[in-house]
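Chemist: Just passing along the structure, written as structure tokens.
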Amino acid sequence: MDAVSPWWWAAIAALLVAAVVFFIRGSHAQPSWTPADTAKSESTATRGSYPYRVVRAFDVFLNVLTLGRECETISTRCWRWSLRPHGRLFSKALTRVLYGIQKNHGPGAATGDEGRAEAEAAFLAPIIDAFQSSEAP
């Protein structure tokens, strides 16, 4: 059996160091989140390139596959759970790592999910109204 190359060990060590750095960097107090941030996040949530929308849909799919809500991303789910006094350790750890990568990732993901839901409801409302009025006796 061949021995593992030292380069593989170096790559694994680098990944572990990066994860620890992001974990520590993201473990500070949560930055402030304002109503203006919410409005911005909701308004930009429906914009995005096709590949970005596919990745986001896959994110929601993975969340549902792991028994999450059908309208939220894994980031939102982990952020919600990390706010609990006795939240799950994985959720708290993932939220800290995501905060290390992107400031305010949790509330940004949650308001983005909300913005996409509101945009979908606004799109479907006239169609449903027209259908209901045509069904009236």
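Derivation of every value follows stated rules applied to the coordinates shown; laboratory data play no part. Please read all numbers here as calculations on a predicted model, not as lab measurements. Here the Cβ positions follow ideal geometry from the backbone for every residue, glycine too, while neighbour counts run over all protein chains shown.
Chemist: Neighbouring Cβ atoms within 10 Å as the yardstick, rank His105, His86 fewest first.
Modeler: Ranking His105, His86 by Cβ neighbours within 10 Å, fewest first, gives His86, His105.
Chemist: Looking at the chain as a GNM with Cα springs under 10 Å, which of Val17, Val97, Val64 has the largest mean-square fluctuation?
Modeler: Greatest mean-square fluctuation among the candidates belongs to Val17.
Chemist: Next question. Using a 7 Å offset from the Cα along the Cα-to-Cβ direction at both Thr34 and Ser134, what is the distance between the two label points in nm, to one decimal?
Modeler: For the pair Thr34/Ser134, the computed spacing is 4.7 nm.
Chemist: Taking neighbour Cβ counts within 10 Å as the exposure measure, how do Glu120, Glu42, Glu72 sort from fewest upward? Before the final figure, lay out the partial values.
Modeler: Numbers: Glu120 12, Glu42 18, Glu72 22.
Least crowded to most crowded, the residues run Glu120, Glu42, Glu72.
Chemist: Another question, then. Using the alpha-carbon atoms, what tilt in degrees (0 to 90, nearest 10) does helix 89-101 show relative to the longest principal axis of the chain?
Modeler: Taking Cα atoms only, the helix is inclined about 90 degrees.
Chemist: Where does the charge balance sit around Thr111 when Lys and Arg score +1, Asp and Glu -1, over other residues with C-beta under 11 Å from its C-beta?
Modeler: Here the count lands on -3.
Chemist: Which shape class applies to the stretch 35-114: rounded if a/c is under 1.5, otherwise prolate when a/b exceeds b/c and oblate if not, where a ≥ b ≥ c are the square roots of the Cα gyration tensor eigenvalues?
Modeler: Details: a/c = 1.80, a/b = 1.23, b/c = 1.46.
Oblate, since a/c reaches 1.5 and b/c is not below a/b.
Chemist: Considering the chain as a Gaussian network with a 10 Å cut-off on Cα pairs, which listed residue, Ser91, Ser75, Ser49, attains the greatest mean-square fluctuation?
Modeler: Ser49
Chemist: Near Arg69, within a Cβ-to-Cβ distance under 14 Å, what is the net charge of the other residues, with Lys and Arg +1 and Asp and Glu -1?
Modeler: -2
Chemist: Right, next: Cα axis of helix 6-26 to longest principal axis of the chain: angle in degrees, 0 to 90, nearest 10?
Modeler: Helix 6-26 sits roughly 50 degrees off the main axis of the chain.
Chemist: Still on this structure, please answer the following. What order do you get for Tyr99, Tyr50 when you list them from fewest to most C-beta neighbours inside 10 Å?
Modeler: Tyr50, Tyr99
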